[in-house]
Amino acid sequence: MSTIGWIGTGVMGRPMAHHLIEAGHRLTIFTRTKSKAKQLLEAGAEWANSPQEAAKDKDFVCTMVGYPQDLQEVVFGKEGVINTIKAGSIFIDFTTSRPTLAVEIANALKERGVLSLDAPVSGGDVGARNATLSIMVGGEKEAFIAARPILERLGKTVILQGGPGAGQHTKMCNQIQIAGTMVGMVEALIYGVKAGLDLETMLKSISGGAAGCWSLDNLAPRILKGDMEPGFFVDHFVKDMGIALEEAKRMQLSLPGLALVHQLYISVQALGAGRKGTQALYLALKHMAGMD
């Protein structure tokens, strides 16, 4: 079993780290709010007072933080992992971040004899809890082979997409696709309400046909219950779509559908629901329809 420094224990990071503890790996945890690591510490993880302390002398160092700037600080900051990560170890970043930052990290760590993987995930809190995530990996094949037992403990679909940054680019494709399905799912529910349909009955029909998708199966039932708690934060989705739009601009690529959904989710933030789950798009479109 490996020694692992794990940084970030939010909605996704905590269950992911717990799976690795259950598998017998020895984890040392750092997160900005120690109380969020309580369950992991009770399960046998050790506590570190900084990212560099968590990374010291570990076989693997894994990060699952919120934003690219958080990742930048965790890796390159005053107490960053780059100060103590040992040669021969492997760095795995599960954060959804900028592809250019993934390349920057890979190059900087390679100079220290460390291989790096950008490995963003999809599947939300359900996938994290059930270890059924889709993990999109960028980096060198040697690192991917070495890290595969860890990745496969966390996800059901684990695929090497290419070199550094390729995992993040693949996650952008994932988020672009989700943006379209989210607005379609929410508009279908609002239409159903206006048409006087029983939404649960309606969903049984459409989820079994060509409209079927993850959002219908996992998020539509939460909306029907009035449950807007996060499996994935609106704030993080807005961040992801912003990264995708920045990359599209750099490639001189127009993505009008993504731009529209990005604006709609900014309206969700304006309603004060940035820390709610992505299904809170329903609140914004319901407001626009005058159905409050």
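Each reported figure results from applying straightforward, stated rules to the coordinates on display, with no laboratory input. Computed from a prediction, not measured in an experiment: that's the story for all the values here. Cβ placement follows ideal geometry from the backbone for every residue including glycine, while neighbour counts extend to all protein chains displayed.
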Given +1 on the Cβ of Lys and Arg, -1 on the Cβ of Asp and Glu, and no further charges, what dipole in debye does the chain carry about its Cα centre, rounded to the nearest 20?
140
Quick one: which residues, 5+ away or cross-chain, put their amide H under 5 Å from the amide H of Glu46? H built at 1.01 Å from N.
Leu27, Thr28, Ile29
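Just add up the charged neighbours of Gly66: K/R +1, D/E -1, any other residue whose Cβ is under 13 Å from the Cβ of Gly66. Spell out each step's value before the answer.
Values: positive: Arg32, Lys36, Lys239, Arg275; negative: Asp70, Glu73, Asp93, Asp235, Asp240.
Surrounding charge for Gly66 is -1.
At a 10 Å Cβ-Cβ cut-off, how would you order Tyr191, Tyr67, Tyr265, fewest neighbours first?
Taking fewest neighbouring Cβ atoms as first place, the list is Tyr191, Tyr67, Tyr265.
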As straight-line cross-link partners of Lys78, the qualifying lysines (C-alpha separation under 16 Å, not fewer than 8 residues apart within one chain) are Lys56
Hey, what do the phi angles of the range 259-266 turn into as Karplus ³J(HN,Hα) couplings, whole Hz, using 6.51/-1.76/1.60 and θ = phi - 60°, x for Gly and Pro?
4, 5, 5, 4, 5, 4, 6, 5
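Can you tell me how the range 3-163 classifies by the Cα gyration tensor, rounded, prolate or oblate, using a/c under 1.5 as the rounded cut?
Values: a/c = 1.41, a/b = 1.08, b/c = 1.31.
Verdict is rounded for the range 3-163.
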Values of log10 I(q)/I(0), in the order q = 0.07, 0.08 Å⁻¹, for the chain under a Debye, Cα-only, solvent-free model:
-0.27, -0.35
For the range 226-242, in residue order, the Karplus 3J(HN,Hα) values (coefficients 6.51, -1.76, 1.60; θ = phi - 60°; whole Hz; Gly and Pro = x) are x, 8, 10, 5, x, x, 8, 5, 4, 4, 6, 5, 4, 4, 4, 5, x
